[in-house]
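Read through the structure below, which is laid out as C-alpha cells, and then see the notes.
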Amino acid sequence: MGKYIISIFITFCFLNGKAKDCSCSANFSFMVEKIKQNYVGYNDKITILNKRKFDLFTDSLFIVAKKSNKYECSSVLRQWLSFFKDKHMIAGIDATGFSADSIRKFYINDKKKSWTETDLKAYLNSNKNKLDEIEGVWFSENGSYKIGIVRDNDEEDDSFAGFIIKGDGVYWMPKQIKFEITKTNTGYKTKYFRLKDHSYSYPNLFKDSDTLSFGAYGKWYKTANYVSKKAIGQLAVDLSPKFRTIDNETSMFILPSFGSMDYIKSVDTLVENNKTVLKNTKHLIIDLRNNSGGSVLVYQKLMSYIYTNPILTEGGMVLATDDNIKAGYSNIHAELSDSLQLYFKQRLAKLNSHRGQLYKLYPIDTIKYSTVLESPKRISFLINRNTGSAAELFLLEAKQSTKVKLYGENTAGAIDYTESIKIKMPCDFFVLYYPACKSLRLPDYPIDNIGIVPDVKIPDEITDWIEYVRKN
C-alpha cells in the first residue's frame with residue numbers, strides 16, 4: 001500500500017466536546033485556534049510578509065462575530081477561512097445526524113415575515129394596479145419551494161423580501177425569509193440570498209420576464225406549470241458511476257462523484273461486466289466533469305486500462321497533532337478488507353510515534369503494472385472547473401499514460417492540501433473542516449486555485465463536449 005491512496009478517505013470523526021455555546025464569537029475563536037494548531041498549510045499561507053494583514057483581518061472579523069447571531073455566523077466563519085484560499089476548508093452549520101424536529105427548533109427564531117399565503121393572495125388581489133412586477137408567488141427550479149415576494153416596508157430602500165410559503169419542512173419553514181432584493185434604476189440586485197443552512201451569500205441577480213436567476217444558486221419562476229415540467233426527474237440527482245457505448249469504436253465512463261464508498265464496488269462491477277467491450281474499444285472517454293472528489297479507491301480498477309508507463313505518485317506529509325490523529329486517522333474502517341485495515345492500523349501507529357511533527361507518511365512511490373493493454377488505444381478525459389480533489393489525483397496518475405489527453409477547462413485546483421478533518425465546534429450544529437496532509441510537490445509545483453490544465457481547451461461555443469471529443 002505504498003502508493004498515495006491515502007487521500008482515500010475524507011474522514012468524518014468528531015472531536016468530543018460537551019459545550020453547546022452557539023454564540024458566534026465563541027465558535028469564531030474556537031475555529032481560529034484549531035486552524036492555527038492543526039491546519040497543515042498554516043505556516044505556508046501565513047508568512048512574515050502577510051502576518052500583520054492577517055492579524056488585522058482576524059481582529060476585525062472577531063468584532064463582526066461578536067455582533068452576529070448564530071444564523072449569520074456561518075458567513076463570518078467562511079469569510080475568515082477564505083484568507084487561506086483552500087477549497088478543503090469550510091465551517092458552518094451541518095445538521096447531519098440531528099432529528100428533523102431539532103433542526104426546526106434550531107432555526108425557529110430566524111428572520112421571518114408575518115405573511116401567510118392567504119395574506120399574500122389578499123394583498124395581490126387588492127393592489128393589482130400598484131404592484132411591482134417582482135411581487136407575487138414564485139417557484140424554485142425543481143418545484144420543491146414556493147415563495148412570496150412582497151415590498152418590504154420595514155426597509156428604508158426600495159426592497160422586496162422573498163419569504164417561504166412552502167419549504168422543505170425542516171431547514172426552511174413558512175414565513176422565514178429566503179432572500180431580499182433591492183430595486184435600482186437599472187433593474188434589481190441581490191441584497192442577500194440564504195443557502196440551505198441559512199448562511200448568507202450575495203450572488204448577482206438577473207431578471208428576465210418571469211424568471212429570476214441567482215447564478216449557481218438556481219432560478220425561480222412565476223409560472224408554476226413551467227416549473228412542474230422542468231421539475232420532472234430533477235429532485236434526485238444520480239451521482240452513481242455509469243458506462244455506455246457511444247458507437248462501434250467509442251465507449252464512455254461517466255463518473256460524477258467519488259464521494260461514496262459504494263462507488264468502489266459500482267466501478268469495479270462496471271469494469272468487470274464490460275471488460276470485453278473495453279478490450280475492443282478504440283476510444284475510451286472518461287467524464288469527470290463536476291466530480292468534486294471523495295475516495296481515490298473508486299477509480300483503481302480503471303488504471304490497468306489506462307496504464308502505459310510507470311506511474312510516479314507524489315506522496316504527502318501529515319501534521320500529526322493530537323486533534324488530527326484522533327479525528328482523521330483513528331478510524332480503522334472495519335467494513336474494509338483485512339489488508340486495508342492492517343494498512344490503516346500501521347498508518348495510525350506511525351503517526352502516534354511522530355506526534356507533533358510534520359511527518360512524511362506517504363513517500364513518493366512508483367506504480368508498475370505487469371502488462372500494457374493494447375486497447376483502449378486512445379483515452380480522453382472531460383474536465384471542468386468543478387473537477388477537484390480525488391478526481392484531480394486520478395488525472396495526475398492517468399496523464400502519465402501516453403494514451404491520455406485531457407479535454408475541457410482547468411480543474412478546480414484542490415490537491416495541494418488534502419485528507420479533510422471534521423471537528424465539532426462549541427455549538428452542536430457547527431462543524432469545521434480543514435486538511436491535514438500536504439503534498440510533496442510543494443512548494444515547487446502548486447496546483448491549488450490554478451488547476452490542472454487540459455491538453456485541449458474546448459471552445460466556449462461548443463455545447464456537446466462528448467461529440468466534440470469523439471470527432472477530434
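The values are calculated or read from the model by the stated rules, or taken from the named source; none is laboratory data. The structure presented is a predicted model; accordingly, all values stated were derived computationally and were not measured. Every residue, glycine as well, gets a Cβ built from its backbone with ideal geometry; the counts of neighbours run over all protein chains shown.
Within segment 388-411, the only residue that satisfies the criterion of being assigned to a loop (DSSP other than H, G, I, E, B) and touching an Asp or Glu at 6+ places or on another chain (Cβ under 7 Å) is Thr411. Is it the case that segment 56-70 has a residue that's under 23 Å from Tyr202 (Cα atoms) and of a type in the set (Phe, Trp, Tyr)? Yes: one or more hits.
Of the helices (runs of 4 or more DSSP H) that lie entirely inside segment 29-107, those containing 3 or more residues that are in contact with a strand residue (DSSP E or B) (Cβ under 7 Å, 6 or more places away or on another chain) span 73-81.
Criterion applied to Arg385, Arg347, Arg355 was being charged (D, E, K, R) and not in a loop (DSSP other than H, G, I, E, B), and the one residue passing it is Arg347.
The set of residues from segment 326-354 being within 25 Å of Asn43 (Cβ to Cβ) and either surrounded by fewer than 20 Cβ atoms within 10 Å (Cβ to Cβ) or in contact (Cβ under 8 Å) with a residue 60 or more places away in the chain (or both) comprises Lys326, Ala327, Gly328, Tyr329, Ser330, Arg347, Leu348, Lys350, Asn352, Ser353, His354.
For every residue, the table says whether it meets (1) surrounded by 19 or more Cβ atoms within 10 Å (Cβ to Cβ); (2) under 25 Å from Asn386 (Cβ atoms).
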{"site": "Leu239", "(1), (2)": "no, yes"}
{"site": "Ile246", "(1), (2)": "no, yes"}
{"site": "Thr250", "(1), (2)": "yes, yes"}
{"site": "Pro256", "(1), (2)": "yes, yes"}
{"site": "Val267", "(1), (2)": "yes, yes"}
{"site": "Leu270", "(1), (2)": "yes, yes"}
{"site": "Asn274", "(1), (2)": "no, no"}
{"site": "Val277", "(1), (2)": "no, no"}
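On inspection, Asn290 qualifies as at positive phi, out of contact with any Gly (no Cβ under 9 Å at 6 or more places or on another chain) and not charged (D, E, K, R). Only one entry in Ala95, Ala91, Ala65, Ala100 is loosely packed, with under 13 Cβ neighbours inside 10 Å and in contact (Cβ under 8 Å) with a residue 40 or more places away in the chain, namely Ala100.
The numbered conditions (1) within 24 Å of Glu374 (Cα to Cα); (2) modelled with pLDDT under 95; (3) part of a loop (DSSP other than H, G, I, E, B) are all true for Thr308 except (2). For segment 63-105, taking the residues that are at pLDDT 95 or above and among the aromatic types (Phe, Trp, Tyr), the one that is nearest to Gly451 (Cα to Cα) is identified as Phe84.
Close Cβ contacts (under 8 Å, 6 or more residues apart or on different chains) running from residues in segment 442-458 that are within 12 Å of Asp86 (Cα to Cα) and in contact (Cβ under 8 Å) with a residue 60 or more places away in the chain to residues that are of a type outside the set (Asp, Glu) and in a loop (DSSP other than H, G, I, E, B) comprise Asp448/Lys85; Asp448/Lys87; Asp448/Gly413; Asp448/Ala414; Asp448/Ile415; Asn449/Lys85; Asn449/Lys87; Asn449/Gly413.
Just to check your reading of the model, which residue among Lys399, Lys326, Lys345 is out of contact with any Lys or Arg (no Cβ under 6 Å at 6 or more places or on another chain), farther than 29 Å from Asp460 by Cβ and at pLDDT 95 or above?
Testing whether each residue is out of contact with any Lys or Arg (no Cβ under 6 Å at 6 or more places or on another chain), farther than 29 Å from Asp460 by Cβ and at pLDDT 95 or above leaves just Lys326.
For segment 463-471, the criterion of being touching a helix residue (DSSP H, G or I) at 6+ places or on another chain (Cβ under 8 Å) and either surrounded by fewer than 16 Cβ atoms within 10 Å (Cβ to Cβ) or assigned to a loop (DSSP other than H, G, I, E, B) (or both) is met by no residue. Looking across segment 358-382 at every residue that is touching a Pro at 6+ places or on another chain (Cβ under 9 Å) and assigned to a loop (DSSP other than H, G, I, E, B), the one that is surrounded by the most Cβ atoms within 10 Å (Cβ to Cβ) is identified as Tyr369.
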